[in-house]
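J.: After the structure tokens below, expect a handful of questions from me.
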Amino acid sequence: MNVINEYLDNMFKTFPDTPEVRRARIELAQMMEDKYTELIDEGKTENEAVGIVISEFGNLSELSDILGLDGIIDEDKNYNSNNAKSGSRNHNNILLRTISIVAATLVIIIAALVVVNTLTSSKSGEAVENKSNIAADENKKNSDTSSNIYTDNEEVERFTNIEVKVNVIDVYIQSGDKYEVKIECDERVKPELEIKDNILILKSLQDVNNIPYNTKNVCYITVPADTELGSININSDVGDVQIDNTLAQNIILTVSVGDVIVNGSDIKTCDIEASVGDVTLTDTKFDNIQAQVDTGDTQITTTENLSDYSFDITTDVGDISINNDEYEEKYTKTGSADKQIKVISSVGCVKVNY
């Protein structure tokens, strides 16, 4: 819920602190919380629920009548029109928020295609009743088979690189005693596993229209401690990605809906694209990090000295905190060309502590 609260703060920060505005914010917060709870009860993940809530309640102009803000919003617009500089900035902020909302909405649509069983179009001219029957039969079929769980836990041959492309599976990479892969998921989403040219390849093969969303799907990839990998490349539609205590030269993580966590690791370069979800790096050594986050908070915490690193951090909606010093919208610092932290965030806070 932190993303939603931050979003609310930024929605209302241009309005005067009056009883009417405070009441409207409380009312909208309750509406968003109710919708969030409803989505969670329906089986949505936290990230999916947040994205849907922001896309549905993220426009104050459309909600002004319900919240009783018509007059206040009109006054705000008049004020902006009489102040060119302030008006231009507010217009840009509104435009950026709108772009962020559209991006989040598109991601949720993609996620819905991934996690919800969609209906196949009927032939032209069929009655609506027949379409409903087809949907009912499909849902029954998925319900009848949802209890079939696939499990596999096997020791595998040595590999030096990891490539993962999955639809609806949480992926964990961790250190251990041996090269091992453990999978537990609905049998309809089980990925294909192979090792080729020293690359561990994990790939989903199923049609996205048939992926269930009521089963915990997870894959653990274990690498012997102190083994340095060349590259880790993970592309996930829906699911968390977590990397613990791992040595690697390069990490590329692309996640549509899900959290990204890198903990206690040692990496050279890290490139992250996250559409809906938080990005967290804790106690991790790195030379170069680039992260693009559409909707979600970004937090980097390390005991390493980053004083000689270059910083390039921007956020459209949210705050920036560097060692607990607060900044708005943008923070830059010149440093070494080989050591850089670059974060571009649309909706969410960015915090760096070192």
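J.: How many nm separate the modelled label positions at Y354 and N198, each set 7 Å beyond the Cα in the direction of the Cβ?
T.: Placing both labels 7 Å along Cα→Cβ, they lie 3.1 nm apart.
J.: Right, here's the next one. Rank R188, R22 by accessible area, highest first, at a 1.4 Å probe radius?
T.: R22, R188
J.: How large, in percent, is the carbon and sulfur part of the accessible surface of region 209-334 at a probe radius of 1.4 Å?
T.: Ligands and nucleic acids excluded, carbon and sulfur reach 37 percent.
J.: Could you check the spin-label model distance between D177 and I149? Points 7 Å from the Cα along Cα→Cβ, value in nm.
T.: In this crude label model, D177 to I149 measures out at 2.4 nm.
J.: In terms of the Cα gyration tensor, with a ≥ b ≥ c the square roots of its eigenvalues, is region 202-354 rounded because a/c is under 1.5, prolate because a/b exceeds b/c, or oblate?
T.: The shape class here is oblate.
J.: So, one more: Sticking with the crude label model, points 7 Å out along Cα→Cβ, report the distance from K216 to D9 in nm, one decimal please.
T.: 3.2 nm
J.: Quick one: of K203/K342; K13/K333; K178/K351; K196/K333, which pairs are farther than 32 Å apart, Cα to Cα?
T.: From the list (K203/K342; K13/K333; K178/K351; K196/K333), the Cα-Cα distance tops 32 Å for K178/K351; K196/K333.
J.: Pop the C-beta distance of E304 and R23 into the FRET formula with R0 = 41 Å and round what comes out to the nearest 0.05.
T.: The formula returns an efficiency of 0.35 here.
The values are calculated or read from the model by the stated rules, or taken from the named source; none is laboratory data. All figures in this text were calculated on a predicted structure; none of them were measured in a lab. Heads up, the Cβs are rebuilt from the backbone with ideal geometry, glycines too, and the neighbour counts pull from every protein chain shown. Side chains included, ligands, DNA and RNA excluded: accessible areas come from the protein's heavy atoms. Shrake-Rupley method; radii C 1.70, N 1.55, O 1.52, S 1.80 Å.
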